[in-house]
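Have a look at the structure below, then the notes.
Please treat every number below as a calculation from the coordinates, not as lab data. Quantities reported herein were computed from a predicted structural model and do not represent experimental measurements. Methodologically, a virtual Cβ is constructed for each residue, glycine included, from the backbone with ideal geometry; neighbour enumeration extends over all protein chains shown.
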Amino acid sequence: MAPTSQPEQPGRNEPTAARERLLIFIPAYNEEGAIHAVVTNVRAELPHADVLVIDDGSRDHTAQVARAAGAMVVRHPFNLGIGGAMQTGLKFADTQGYDYAIRLDGDGQHQASAIQRFLAILRAGEADMVIGSRFINETYDWNIPRSRRIGIWLYAASVTAVTGARHTDTTSGFCGMNRAAIRALATYLPQDFPDVESRVIIHKAGLRQREVPVHMQARAAGVSSINLNKSIYYALKVTAAVLTTALKDIESLPAPADEVQEAYDGNSVRTKGHRSPLQPVAGLADPPIDPKAPPA
């Protein structure tokens, strides 16, 4: 069934049977100073792609600036965190039948030129998910605080232990997915610690993932959503979450997700129904976007 509502789509390229469908989705929170350049760079690098900005309850003009740059915009009525923003992007990619989806952050740290390498690997069938790593060749040009580096190392060690494959950057927000990976993550991704747990979910689903070195630069504007308190909170909970996910059964992937329908202010999307993460309902892939919202 076709969706009953769509986010604003200025200049969207209509797909054809002869052309792959590619979605670039960009979670953003209070990124009005960076988002225009991010969207512009992506559209210049990949003019055939659809670009979707998920404005996660920003208090500034992120949505307006992104729309002016030519992106589709989905607005959350309040801040759900990166997990909720990723759920929105993945569900949109799944329900709309995109062949590939690329996720990058809205702060300008990720270089759009690297997306072509992700796509080359995905198109060649060499991996189902490609992750850009800062730490394979130490490719970043800002000072990561020692406390955060220790946390990143611990997360990577946990995922490496669970999957049996080496991971160096499990908090990277720069990744690409094919159809199978989109479906797996749209179905099973929890709202907490999505970057780290996505690696375990892909492994449990029997899919292949590959890290590639990417250059990341200092954020162009704004302030990181990760602070000291959150770093401590993550350090205490991520390992437990990874182990819990590793013990869950990842079943065969369900039929296409149910239709996307209008919610809240007409610029937000959520899917019908609610369920607990890692417990898919047949024909429905929906960890809740808003756990407090009543069922549609």
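What FRET efficiency comes out for Asp60 versus Arg123 if R0 is 51 angstrom and r is the Cβ-Cβ distance? Round to the nearest 0.05.
Working: r = 37 Å, r/R0 = 0.72.
It comes out at approximately 0.90.
Multiplying the sequence separation of Arg149 and Ala165 by 0.36 nm and subtracting their Cα-Cα distance, what value in nm do you get? Numbers along the way, then the final one.
Working: separation 16, 0.36 × 16 = 5.76 nm, distance 2.00 nm.
The Arg149-Ala165 span can extend by a further 3.8 nm.
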Protection-proxy order for peptides 150-162, 171-183, 100-112, each taking the mean of Cβ atoms within 10 Å per residue, highest first: 100-112, 171-183, 150-162
Scoring only Lys, Arg, Asp and Glu (+1, +1, -1, -1) among other residues with Cβ under 11 Å from the Cβ of Gly89 yields 0
Stretch Ala180-Gln116 to full length: gain in nm at 0.36 nm per residue minus the Cα-Cα span? 21.1 nm
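Tell me, Glu45, Glu126 in order of fewest to most beta-carbon neighbours within 10 Å?
Values: Glu45 15, Glu126 11.
Least to most surrounded, the residues fall as Glu126, Glu45.
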Net charge near Thr163 (other residues with Cβ under 10 Å of its Cβ; Lys, Arg +1; Asp, Glu -1) is +3
Packing-wise, with mean Cβ within 10 Å as the measure, how do 56-62, 88-94, 27-33 rank, highest first? 88-94, 27-33, 56-62
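Taking 35 Å as R0, compute the FRET efficiency from the Cβ-Cβ separation of Glu45 and Phe78 and round it to 0.05. The partial results should precede the final answer.
Working: r = 32 Å, r/R0 = 0.91.
That pair, Glu45 with Phe78, gives E of 0.65.
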